[in-house]
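Here's the structure we're looking at; comments come further down.
What follows is calculated from the coordinates using simple rules that are stated; it is not laboratory data. All figures in this text were calculated on a predicted structure; none of them were measured in a lab. Glycine also receives a Cβ, built like all others from the backbone with ideal geometry; neighbour counts cover every protein chain displayed.
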Amino acid sequence: MHSPPAWTFRAIPDQAGRVVVVTGANSGIGYITARELARRGAQVVLACRDSERGRLALTRMQGEVPGARLELRRVDLGSLASVREFAAGWDRGRLDLLVNNAGVAMVPYARTADGFESQFGINHLGTFALTGLLLPHLLAAPDPRVITVSSEGQRFARFDLRNLNAERGYRTAFAYVQSKRANLYFAMELQRRADAAGLRLRSMAVAPGLTRTNVLTGGANSDRGRLYAALTRLLVRAAFRPTPEGAKTSLYAATVPDLSGGSYIVPDGPLQLRGEPIPRTRERAIRDTDSAAHLWQLSERLTGVTYALPASTATSLPWRSSSVFDAPVRWGAVTRRRSRRGAGR
């Protein structure tokens, strides 16, 4: 039996007229995603934490795609104030596509500006808040999509709603895959709530597979020493696939016309590590509506961002969280006494 032909960027349909935001667009998968959407005619906003790196990426992209309609705006997913500022400054009217790509991976223990454990705070809570605050602009579009980048590693998460903020200890890899499971829960619950409201919004999640990016060596990981950097770069070169291959699932989810909302797009190879993008339906987390609904309610409380969407399932929390989750203001005071390391691309 012959394998289906590879999905390539040439399959991306015309994107003229679409207004797009890609977070973390200054490097890696986010850069490729933004570039290829712009190449097909979309108006793309590069939403980046580091303004200087963002400017360099913008200049490079303009050289690679002459005439591209590009804009750089700053947003730091590790700061809810920055997320609110970005959303309040949105002056483009409708938003057709939001690609929630920015994040951190395997970073040393740190807190965000609001006192959240950094991987949970940036990868999930920042993404949750940004999407909710931009939702009115998304719903003004005729066919809006939200793409959230999860990870094939989320399959190994032991999701613990009582330890999302590392209040019972911190293990780097555990915190990372848990935050990526949260991304998947969020994308699926957003679709369920949009369906319950009768909205045209399509929310999807993607896993990029093993991909060569700077997420393991940049940001907070840049301070882990020369030996770590050298060994990690060697591993990435040897075992990880080129960055454009990792961007395929994001671009597939963002542009395939008849793709259903609630899709989870992954590489079709062994362990979802490499291969061509396909929808995956046999994923336990997709059907875990209870955990997704509880995470949603908790996320609204922690971020202060409430979506004007009906709940898809029962949302009363059966437990009372610790004082850590009940005191985000006090977290901020703790944060000022800590070193804040890394807040997304």
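Before moving on, here are some points about what is shown:
- Highest mean first, the peptides 87-94, 161-168 sorted by other C-beta atoms within 10 Å per residue fall in the order 161-168, 87-94.
- Length-normalised contact order for the range 148-201 - Cα pairs under 8 Å, 6+ apart - percent: 42 percent
- Calculated FRET efficiency for the pair SER260/ASP14, C-beta based, R₀ 25 Å, to 0.05: 0.75
- Full extension of the chain segment joining GLU167 with ARG287 gains 40.5 nm, where the gain is 0.36 nm per residue of separation less the Cα-Cα distance.
- Gain upon complete extension [ARG200, ALA308; 0.36 nm per residue less C-alpha separation]: 37.4 nm
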